[in-house]
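Reviewing the structure listed below.
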């Protein structure tokens, strides 16, 4: 049966105020970059020619209007975007350090994204998709958690591939234990997961990647493909009895890392859409990681995420240069 959308994602849509140096008066300057992990993932998929729709909530304010315009600009459907006249759009302040690492401060207590209600979820969008993607920022609070679980239930009922990215942000949780409980839930319902090195260690207590991945795959047999990102140390794919690793080939010109994991995730989901989840070879997995690593590197050479996703030809060109 033909599907209207390749991927539908649910979650946060917000403004990342990204550190941009200082003014002539020596005041800190922050650039308003449209962001939010699930929508970042969709923005990368759009760059790769896929049809996408977003489900979430923004405020009826200047930032909400900016975000709506940007999402439409990049070609993501806003059919599932709800505008709230009471709660303001969520904001994130992103302080960047010389090595590209970041600190986050969120203005979200409450923010519109966490107030999405279950009866506001557009289930028809989910039914018309091949993949449903979500993260845990839509699991931090009861209202949006109920909405997320309703969406996941619909995706499972319709036989969609379910994709999950924990995207752990400590300031948004009451405790690490609360976060681990919701991450565990996400792991229990997904077919595909993108998880970072610090997240997998938090969930398993194991620093060794082979051992921690083996524990998760044993604990959650529903996971068909586990992708583990380790920053400058590259990334891994664990699939059935296969393990494939690809290192990072470029680090020059990194400005900041906002959106790198989301770019990787979007690239990985694009590969799944084009090749399927059945019978992936080691070459398939290696090609997937090389492409995703390269795309993630390219987005770090610009500020922001949604408007900074790399074109397919730029990714492939850099891969060819590496091989030569």
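Values as computed for the structure displayed
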| quantity | calculated |
| --- | --- |
| Alpha carbon convex hull of segment 1-159, projected area averaged over orientations, nm² | 10.5 |
| Rounded Å value of the spacing that divides the Cα centres of segment 208-272 and segment 162-179 | 18 |
| Packing rank of 82-90, 185-193, 210-218, where each peptide gets the mean count of other beta carbons within 10 Å, highest leading | 185-193, 82-90, 210-218 |
| Fraction of beta bridges assigned by DSSP in segment 1-61 that are antiparallel (%, nearest 5) | 65 |
| Under the Debye formula (equal points on every Cα, no solvent term), log10 I(q)/I(0) of segment 129-199 at q = 0.23, 0.26 Å⁻¹ | -1.00, -1.23 |
| Anisotropy class of segment 167-232 from Cα gyration tensor, a/c 1.5 cut | oblate |
| Cα-Cα pairs of the chain separated by more than 36 Å (percent) | 11 |
| Kirkwood hydrodynamic radius of segment 149-299, Cα pairs, Å | 15.9 |
| Antiparallel DSSP beta bridges within the chain, as percent of all bridges there, nearest 5 | 45 |
| For 105, 23, order by how many other beta-carbon atoms lie within 10 Å, fewest first | 23, 105 |
| For segment 219-324, the Rg and Dmax computed from alpha carbons only, in angstrom | 13.6, 41 |
| Estimated 222 nm signal from helices in the chain, with DSSP H stretches of n ≥ 4 weighted -39500 (n - 2.57), rounded to 500 | -12000 deg cm²/dmol |
| Peptides ranked, highest mean first, by Cβ atoms within 10 Å: ranges 5-16, 24-35, 55-66 | 5-16, 55-66, 24-35 |
| Taking the chain and dividing mean pair separation by its residue count, relative contact order in percent (alpha carbons under 8 Å, at least six apart) | 17 |
| Listed peptides 303-313, 125-135 by packing density, highest first (mean Cβ within 10 Å) | 125-135, 303-313 |
| Calculated SAXS-style log₁₀ I(q)/I(0) at q = 0.12, 0.16, 0.18, 0.27 Å⁻¹ - segment 59-133, Debye, Cα scatterers | -0.46, -0.76, -0.91, -1.22 |
| Per-q log10 I(q)/I(0), segment 11-92, q = 0.12, 0.13 Å⁻¹ (Debye; single scatterer per alpha-carbon; no solvent) | -0.37, -0.43 |
| Bridge type composition, segment 123-277 - antiparallel percent by DSSP, nearest 5 | 45 |
| Virtual spin-label span in nm between residue 175 and residue 198, 7 Å along Cα→Cβ | 2.1 |
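Read-outs throughout are calculated quantities, based only on the coordinates presented, and are distinct from any laboratory measurement. Treat the numbers as computed from the prediction; the structure is a model and nothing was measured. All Cβ positions, glycine included, derive from the backbone under ideal geometry; neighbour counts span all protein chains shown.
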